[in-house]
Amino acid sequence: MHDIQNRTDIDHLVATFYGRVFADEQIGLVFTLVARVTPETHFPLLGDFWETVLFGQNRYHGNVILKHVELHLKQALQPAQFDRWVSLFCLTVDDLFIGTVAETAKIRARTMSMVLQAKLHTLTQSGTHPNAHGHVDTHDALVL
Ligand code: HEM
C-alpha cells in the first residue's frame, strides 16, 4: 500500500468511493435519484477537485457550496448523512492508501463537511428558500 501520489490514484479513490456511496442505504438515493449524478461527468470533476485540494493543481473551478445549497433546497441534507459521507470517504482512503496525503484527504473531507453543514444551516436560518417565483437567491452561498 502507498500514499496518494497522482491523478491515477485520485481517480481510483473517487471511483471506489462513489461506487460505495451510490450503493449506500443512507445516502445512495440522494445521488442516484435526487441529483441523478452520472459517473461519466461527475468523476472527472471530482478528480479535478481533489487534485486541486491535495496537490495545489488549479483544475477545479466549480462552486462546491453552491452545488450543495441547490441540492439541500431540493432535499434537506441531514447531519447523519454528512457523517455517513465522511465515514465512507475515510474508510475508502484507509482501504486504499497510507501516508501523509491520505491523512490530509481525510482531514479536508471532514473540514469540508463541517463548512458545508454550517453554510447550509446559516442559509436555511436566514430564509434562503425559493421565493414565490421559485427563485433562489444563492448570492450568499457564493461566499465561502
Ligand atoms: C450528505 C453529504 C453529501 C451529499 C449527499 C452530497 C451530494 C452531492 C451531489 C448529489 C453532488 C452532485 C451535485 C450536482 O451535480 O448537481 C455533489 C457534488 C460534489 N460534492 Fe457532495 N455531497 C455531500 C458531501 C460532500 C462533502 C463532505 C464534500 C467534501 C469534499 C463533497 C464534495 C463534492 C464536490 C467537490 C462536488 C462537485 C461539485 C461541482 O459539481 O462542482 N460533498 N455532492
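The values are calculated or read from the model by the stated rules, or taken from the named source; none is laboratory data. Given the structure is predicted, the values throughout are model-derived calculations rather than measurements. Every residue, glycine among them, receives a Cβ derived from its backbone with ideal geometry; neighbour counts consider all protein chains shown.
Counting the residues of region 46-66 that are within 6 Å of the ligand (Cβ to nearest atom) and at pLDDT 95 or above gives 2.
Per-residue answers, yes or no, for (1) more than 9 Å from the ligand (Cβ to nearest atom); (2) farther than 17 Å from LEU46 by Cα:
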{"position": "HIS68", "(1), (2)": "no, no"}
{"position": "LEU71", "(1), (2)": "no, no"}
{"position": "GLN75", "(1), (2)": "no, yes"}
{"position": "GLN78", "(1), (2)": "no, yes"}
{"position": "GLN81", "(1), (2)": "no, yes"}
{"position": "ASP95", "(1), (2)": "yes, yes"}
{"position": "THR100", "(1), (2)": "yes, yes"}
{"position": "MET114", "(1), (2)": "no, yes"}
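Is it true that some residue in region 111-132 is modelled with pLDDT of 90 or more and under 19 Å from THR16 (Cβ atoms)? The answer is yes; a qualifying residue exists.
Filtering region 40-59 to residues that are farther than 15 Å from ARG108 by Cβ and among the acidic types (Asp, Glu) leaves only GLU40. Just one of the listed residues (THR41, THR8) is near the ligand (Cβ under 10 Å from one of its atoms) and exposed (fewer than 13 other Cβ atoms within 10 Å of the Cβ), namely THR41.
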